[in-house]
1. Could you work out how far helix 63-75 tilts from the main Cα principal axis of the chain, as a 0 to 90 degree angle to the nearest 10?
2. Along region 188-198, what does the Karplus equation 6.51 cos²θ - 1.76 cosθ + 1.60 (θ = phi - 60°) give for ³J(HN,Hα), rounded to whole Hz, x for Gly and Pro?
3. Taking only DSSP H segments of four or more residues, each worth -39500 (n - 2.57), what value at 222 nm results for the chain once the sum is divided by all its residues, to the nearest 500 deg cm²/dmol?
4. Which residue fluctuates most in the GNM of the chain (Cα springs below 10 Å): SER33, SER167, SER113?
5. Once you place label points 7 Å from the Cα toward the Cβ at ASP185 and GLU26, how far apart are they in nm?
6. Taking amide H positions as placed in the peptide plane 1.01 Å from N, state which residues far from LYS195 in sequence (5 or more) or on other chains have amide H under 5 Å from it.
7. Would you mind telling me which residue in GLU63, GLU213, GLU29 has the biggest mean-square fluctuation in a Gaussian network model of the chain, where springs connect alpha carbons within a distance under 10 angstrom?
8. Please list ASP240, ASP185 in order of solvent-accessible area, largest first, computed with a 1.4 Å probe with all protein chains present.
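The values are calculated or read from the model by the stated rules, or taken from the named source; none is laboratory data. Keep in mind that this is a model prediction, so the values were computed, not measured. All Cβ positions, glycine included, derive from the backbone under ideal geometry; neighbour counts span all protein chains shown. The protein model used for the area step is the full one, side chains on, heavy atoms only, and it has no ligands, DNA or RNA in it. Shrake-Rupley method; radii C 1.70, N 1.55, O 1.52, S 1.80 Å.
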Amino acid sequence: MSFTLIGKHEKDSRACRDAYVQAMTELMEADQSVVHVDCDLKGCINTKKLDKFGRSINAGIAEANAMGVAAGLTATGKKVWIHSFGCFSSRRAFDQAFMSAAYAKLGVKVLGSDPGVCAAYNGGTHMPFEDCALYMSVPDAIVIDPVDYAQVYCLTKKLTAVEERLSYMRMIRKGFTTVYADGSDFEIGKGVTLKESADDVATIIASGIMVDESLKAYEMLAEEGISVRVIDMFTWKPIDEDLIVKSAKETGAIVTAENHNCTCGLGSAVARVLSAKCPTPVEMVGVHDQFGQVGAQNYLQEAYKLTAEEVVANVKKVIARK
């Protein structure tokens with residue numbers, strides 16, 4: 001695993017969907033067994049570009065059936081990705097993902113776009129705060145929440161090579177903040193330490209859009225003379241238990257940050273590890289048992305307190321509990 005941190009809080013002119021399409025284009029060119037299944041969303045994820053390979057299937061607005069198609073193709077030896085909005089890739093097709101894919105030990109790769117507040121104007125019906133929770137409940141599944149172009153590109157390729165394990169990757173479709181330079185490499189199941197020092201008094205463990213917010217919080221805290229560690233825990237399952245325990249022992253306090261319901265997401269996964277292996281004060285920044293709503297992403301991040309300011313407040317709160 002090797003990466004280059006940019007972390008300048010700048011929006012990329014590209015889209016994460018372009019990283020997925022680029023990775024899939026290269027995979028399809030090299031491997032005749034790679035297949036993409038979509039649920040009438042090729043236009044919004046740009047996968048029409050894959051049609052030239054003859055292995056990009058539009059299954060229509062029928063997500064449960066599409067999941068069955070993906071499982072069936074995988075059973076014949078294909079390496080299959082299936083995409084829909086995060087809410088439909090999880091809630092609507094979950095039974096088929098569980099039974100037809102995971103239970104049968106078929107390595108279907110599920111892509112859920114516009115997770116959490118990234119659904120924005122699509123509103124509460126399309127705003128999954130529980131998509132990862134569903135897939136984390138599946139035995140031996142892989143669950144990933146990437147942050148930017150470089151990470152989506154790398155992990156699309158890494159997941160395609162995984163056999164006999166259902167995987168779920170959520171992904172921002174359009175606008176995102178660049179954290180890593182292109183060419184960065186990541187290992188499934190291993191967190192990435194972005195900031196650390198011998199003086200750290202707490203650790204922020206984040207993923208997805210909350211990685212950049214956590215880097216902002218790091219800078220805000222540094223201005224006050226408070227040193228913290230920042231970890232990108234893009235793999236929620238299998239989670240990097242060794243890194244969590246190491247950081248807890250060295251800093252004595254943990255704050256998690258996620259664009260998800262933290263009662264059954266990254267926060268709860270981290271707390272489970274610590275309760276068993278290294279009891280440590282934990283505070284969680286995330287959605288707290290709420291439904292989604294309509295609005296611009298910036299507004300929604302404020303409404304659900306998915307901000308650098310909230311991370312800072314929780315760092316100070318957890319330090320006081322040490």
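1. With both axes taken from Cα atoms, the answer is about 80 degrees.
2. Taking θ as phi minus 60°, the curve returns 4, x, 10, x, 10, 7, 9, 9, 6, 7, 6 Hz for region 188-198.
3. -10000 deg cm²/dmol
4. SER33
5. So the two model labels end up 1.2 nm from each other.
6. Long-range HN contacts for LYS195: VAL230.
7. GLU29
8. I get ASP185, ASP240, largest accessible area first.
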